[in-house]
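**Q** Take a look at this one; I'll ask things after.
Just so you know, all these numbers are worked out from the coordinates, no wet-lab data involved. None of the values given here were measured: they were computed from a predicted structure. Cβ placement follows ideal geometry from the backbone for every residue including glycine, while neighbour counts extend to all protein chains displayed.
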Amino acid sequence: MAFAPGGGGGDGFQVVMSDLLDASTTFHNEAATYKAIMPDGGPACPDGGDGAFNQSLQVAVQLIGALHLQAAGVMEDDSAKLKKAHDNYANTEESLTQLCNQISSPLTIR
């Protein structure tokens with residue numbers, strides 16, 4: 001986002017299309033990187049020396065693995081939302097351009 005010249009636009013900001021697309025790509029790439037740092041089966045569970053303790057430790061380690069995957073998923077969702085915002089702005093800009101062209105040439109209005 002950048003400040004609009006003269007403070008125009010919503011609260012003095014304007015959307016920079018390339019920034020939305022770049023942010024979407026970055027979130028997508030970082031989500032994949034973050035997901036890849038954890039082994040598929042989650043982190044290895046150390047031996048605590050006691051069966052009951054090991055069971056509790058295993059549950060905690062599995063939860064850590066699940067939370068890790070959830071965080072990667074949230075990052076991927078954010079990437080998709082940024083891409084959708086980019087696409088919506090691009091579609092709106094295109095629609096407004098078509099409308100302006102039709103207004104300036106009324107015979108082309110359908």
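**Q** For labels at Val61 and Tyr89 in the simple 7 Å Cα→Cβ model, what's the distance in nm?
**A** Modelled inter-label distance: 4.5 nm.
**Q** Hey, another quick one. If R0 is 30 Å, what FRET efficiency do you get for Asn54 and Thr33 from their C-beta distance, rounded to 0.05?
**A** Using R0 = 30 Å, I get an efficiency of 0.45.
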